[in-house]
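The values are calculated or read from the model by the stated rules, or taken from the named source; none is laboratory data. All of these numbers come straight from a predicted model, not from anything done at the bench. Using ideal geometry, Cβ is built from the backbone for each residue, glycine included, and neighbour counts are taken over all protein chains shown.
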Amino acid sequence: MGTIKKLADPFEQLFWQTMIRMMRACPPVCGMIADGAYRAQLSRVKSLLPLAARVPGMLLLHWRDKRKKRFALAQVYLGVTTRCTLYCDKCTMHLSDLTKHEDMPTHELLGDIRMLLSCVDHVYDFCFGGGEPFLHPDLDLAIRLCADSGKIGNLKILTNGTVIPGAAVLAALRDAGARVNISNYRPLFQSGVEMLRAILTKHEISYNVYPAARDYWVDTSGPGFGALKEGSAAWRFRYCFLQMYHTMLDGQLHLCPQSCALSYDGRLVEGEDDYINMRTTNPAAFRAKYEELNQKTVLPACAYCLGQTYKTPKIPAAIQREPGIHEGSK
């Protein structure tokens, strides 16, 4: 078995590198791959056929943007809060390790979104996350701001299914045509997930529920937090899918969620060329800085992260460090 795996390794490397290059070259593919992974999890082979049928349209959309020289981003994940109802071990955003759990101030959050949207012509996939995004008191304002911009293709919310949004958020989700992605991690939270599904259905809001039985995470932090072998950092970055999940939190746009989370908590001191400060930039500076970021072959965070590659070990999702609800300070 070990010999077979060793022989297959070069082909697996080639596959992953090809996928990442394709995602970089054609941003709409990012969202398609994410949807494909979800449908594959559900073992709905037939549901992959309509997804494949969307490929020509995505390529045409990308060709149009290129021809018109439109500046488009593949995916942006916006953290609206570092508070969460769960206390997960191995959280990608390291929320259980943070020293501060807080909502992003509404005026700063809306200002960051306005600046981002003023710097780009289009964002193919824009996702609100956290922490638990439904904990933010003014999430509805952020949703409507994104929807009214006309610059976002797919607007999504990523929730753990433990919080029922208020009437204002539900109305904003419906009016924006947003989709709610629910991570159904544990049978313990099943009642909350079912209640959320019923409410979303009632308000005619699109949603996906990821299956608990097949849900897993990848162990990006390894055995405990600490610097990994620096010599392999460039290799991990080269084959890491996380570099496509641009993450914005507290006014900083990073190439990946690990870089963003470690910088936010002060565990990682990054240079000014490792992220974009949305509160000091302008459209021309943003585009130049973004092109520089995309030329990087490694990030400081890679020394602390195993990345999301074909070699990253898989672990059960959402293992709780302690029982109960952990929402942090409001």
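Looking at the range 250-279, which of its residues are among the hydroxyl-bearing types (Ser, Thr, Tyr) and assigned to a loop (DSSP other than H, G, I, E, B)?
At the first step, the residues of the range 250-279 found to be among the hydroxyl-bearing types (Ser, Thr, Tyr) are 259, 263-264, 275.
Correct list: Tyr275 only.
Considering Gly166, Gly161, the condition of being touching a helix residue (DSSP H, G or I) at 6+ places or on another chain (Cβ under 9 Å), surrounded by 18 or more Cβ atoms within 10 Å (Cβ to Cβ) and more than 25 Å from His122 (Cβ to Cβ) is satisfied by Gly161 alone.
Would you call Tyr185 out of contact with any helix residue (DSSP H, G or I) (no Cβ under 8 Å at 6 or more places or on another chain), at pLDDT below 90 and surrounded by 17 or more Cβ atoms within 10 Å (Cβ to Cβ)? Considered against the rule, which asks whether it is out of contact with any helix residue (DSSP H, G or I) (no Cβ under 8 Å at 6 or more places or on another chain), at pLDDT below 90 and surrounded by 17 or more Cβ atoms within 10 Å (Cβ to Cβ), Tyr185 comes out as yes.
Considering the range 280-293 alone, what residues qualify as being assigned to a loop (DSSP other than H, G, I, E, B) and buried (at least 19 other Cβ atoms within 10 Å of the Cβ)?
Of all residues in the range 280-293, those assigned to a loop (DSSP other than H, G, I, E, B) come to 280-282.
Thr281 - this is the single residue of the range 280-293 that is assigned to a loop (DSSP other than H, G, I, E, B) and buried (at least 19 other Cβ atoms within 10 Å of the Cβ).
Please work out which residue is surrounded by the most Cβ atoms within 10 Å (Cβ to Cβ), limiting yourself to the range 189-211 and to residues that are outside any helix (DSSP H, G or I) and modelled with pLDDT of 95 or more. Among them, the one singled out is Ile205.
Any chance the range 127-146 includes a residue that's among the charged types (D, E, K, R), closer than 17 Å to Ala168 by Cβ, out of contact with any strand residue (DSSP E or B) (no Cβ under 6 Å at 6 or more places or on another chain) and part of a helix (DSSP H, G or I)? For the range 127-146, residues among the charged types (D, E, K, R), closer than 17 Å to Ala168 by Cβ, out of contact with any strand residue (DSSP E or B) (no Cβ under 6 Å at 6 or more places or on another chain) and part of a helix (DSSP H, G or I): present. The residues of the range 133-154 that are touching a helix residue (DSSP H, G or I) at 6+ places or on another chain (Cβ under 9 Å) and crowded, with 20+ Cβ neighbours inside 10 Å, listed by number, are Pro133, Phe134, His136, Leu139, Asp140, Ala142, Ile143, Cys146, Ile152. Residue count for the range 5-23, restricted to those that are at pLDDT 70 or above and among the basic types (Lys, Arg): 1.
Taking the criterion of being part of a loop (DSSP other than H, G, I, E, B) and either over 16 Å from Cys146 (Cβ atoms) or in contact with a Cys (Cβ under 9 Å, 6 or more places away or on another chain) (or both), the residues of the range 95-111 that qualify are Leu98, Thr99, Lys100, His101, Glu102, Pro105. Within the range 294-315, being more than 21 Å from Asp89 (Cβ to Cβ) and either assigned to a loop (DSSP other than H, G, I, E, B) or out of contact with any helix residue (DSSP H, G or I) (no Cβ under 8 Å at 6 or more places or on another chain) (or both) holds for Asn294, Gln295, Lys296, Thr297, Val298, Leu299, Tyr310. Comparison of Leu253, Leu268, Leu242 shows that the only residue that is modelled with pLDDT under 95, buried (at least 20 other Cβ atoms within 10 Å of the Cβ), of a type in the set (A, V, I, L, M, F, W, C) and within 22 Å of the chain's Cα centre (by Cα) is Leu242.
Quick grid of which residues meet (1) free of Cβ contacts under 8 Å to residues at least 60 places away in the same chain; (2) under 15 Å from the mean Cα position of the chain (by Cα):
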{"residue": "Arg70", "(1), (2)": "yes, no"}
{"residue": "Thr81", "(1), (2)": "yes, yes"}
{"residue": "Lys90", "(1), (2)": "no, no"}
{"residue": "His94", "(1), (2)": "no, yes"}
{"residue": "Asp97", "(1), (2)": "no, no"}
{"residue": "Pro105", "(1), (2)": "yes, no"}
{"residue": "Leu109", "(1), (2)": "yes, no"}
{"residue": "Asp112", "(1), (2)": "no, no"}
{"residue": "Met115", "(1), (2)": "no, no"}
